[in-house]
Amino acid sequence: MIADKLAAWGTAPMDVPPDVRAAAARHLLDGVGTAIGGLRSGTVASVVEVARGLGGPPEATLLGTADRIGAPAAALATGALVHALDFDDTHAGGLVHATAVVLPAAFAVGEQVGATGREVLDAAVVGYETVCRVAAAAPHGFHARGLHATMAAGVFSSALVAARLLRLDAPRATDALGIAGSQAGGLLAFLHTGASTKQLHPGFASHAGILAARLAAAGASGPANVFDGPDGLYDALATGPVDRASIVDGLGRRWETTRIGIKPYPACQLSHAALDAVRDAVRQGGFGADDIAEIEVDVHPDSA
């Protein structure tokens, strides 16, 4: 089963190449920056307020405060903060905001267990590889079903990040992935209303992934066929061709972490080519913003 193989890799000692480790560190740093921007903007202040109210044991820091709360609650807030301004990174192959679901679990659970920086970074690499591979196995397949791939795939990366930092063995990590699958989702209905659920989805995924790992540690079981089916993730939530084998093919040899792009603009990655074109037109045309009455752009229907 795919979950067995992914869990075995994700919980084993790792030999991460320097360029992959550097890429992961760069993305985590970028994520901290976008979270600070989100905090200062107040865009997801409601989530921070709710996370503080959830409280819990003093396991992890509520970002931007001196408060320490439960790790799941802290991850809920951090996920929303990283994604608040839509300035966080994107993996084009899976169309997912990778750091928004990796950083919250890595930082919250890492702080909870007193992990070293190396341990947190290794866990983050596991998370990056997981979310990118799970999403890219069905390119645009979740969006075609009206689901936000960042949340649909992100619950698995958060679960495996937490499982690794909690030092679960491979069978328990497999259970965590299976449990996480029952919390995958994230409706794209916000596209039509501008609702804040878009910003909430990475927080939901991070919170759910940590809970999945804790449940597995406590003895709850999850279906090992969560990726393979029948009635697994792709059967229920994706449409179009699915390359399930690509999730585990080349693990430890082919790295998706280095293929994640950092955004130059706080907007959907699918709109960046159009924004580049507008920028170039302005530069070459010798006119400024005051001279533009209206801009009409055709972008991919999944642009969000």
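Just to be sure, is R164 more than 21 Å from D228 (Cβ to Cβ), part of a helix (DSSP H, G or I), open to solvent by 10 Å² or more (accessible area, probe 1.4 Å) and at pLDDT 95 or above?
Yes, satisfied.
From the list S221, S206, which residue is touching an Asp or Glu at 6+ places or on another chain (Cβ under 6 Å), hydroxyl-bearing (S, T, Y) and either part of a loop (DSSP other than H, G, I, E, B) or open to solvent by less than 40 Å² (accessible area, probe 1.4 Å) (or both)?
Result of the check over S221, S206: S221.
Touching a residue at least 60 places away in the same chain (Cβ under 8 Å) and out of contact with any Cys (no Cβ under 7 Å at 6 or more places or on another chain), is that true of A123?
It is false that A123 is touching a residue at least 60 places away in the same chain (Cβ under 8 Å) and out of contact with any Cys (no Cβ under 7 Å at 6 or more places or on another chain).
In the list L233, L251, L215, L211, which residue meets the criterion of being out of contact with any strand residue (DSSP E or B) (no Cβ under 7 Å at 6 or more places or on another chain), open to solvent by 70 Å² or more (accessible area, probe 1.4 Å) and either closer than 23 Å to W9 by Cβ or modelled with pLDDT of 80 or more (or both)?
L215
Per-residue answers, yes or no, for (1) in contact (Cβ under 8 Å) with a residue 24 or more places away in the chain; (2) polar (S, T, N, Q):
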position	(1), (2)
R145	yes, no
A152	yes, no
A162	yes, no
R172	yes, no
G178	yes, no
L187	yes, no
T193	no, yes
S196	yes, yes
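Could you run through region 80-122 and say how many residues are open to solvent by 10 Å² or more (accessible area, probe 1.4 Å), in a helix (DSSP H, G or I) and not aliphatic (A, V, I, L, M)?
7
Which condition number in (1) outside any loop (DSSP other than H, G, I, E, B); (2) out of contact with any helix residue (DSSP H, G or I) (no Cβ under 6 Å at 6 or more places or on another chain); (3) open to solvent by 50 Å² or more (accessible area, probe 1.4 Å) is the one that P58 fails?
Status for P58: all satisfied but (1).
Going through region 12-23 one residue at a time, which ones are open to solvent by 40 Å² or more (accessible area, probe 1.4 Å), touching a residue at least 12 places away in the same chain (Cβ under 8 Å) and not in a loop (DSSP other than H, G, I, E, B)?
Residues satisfying the conditions are D19, R21.
The values are calculated or read from the model by the stated rules, or taken from the named source; none is laboratory data. The shown structure was predicted, so the numbers you read here are calculated from the model rather than taken from an experiment. Note: ideal-geometry Cβ built from the backbone for every residue, glycine included; neighbour counts use all protein chains shown. Accessible surface is based on the protein model in full, side chains and every heavy atom, while ligands, DNA and RNA are left aside. Shrake-Rupley method; radii C 1.70, N 1.55, O 1.52, S 1.80 Å.
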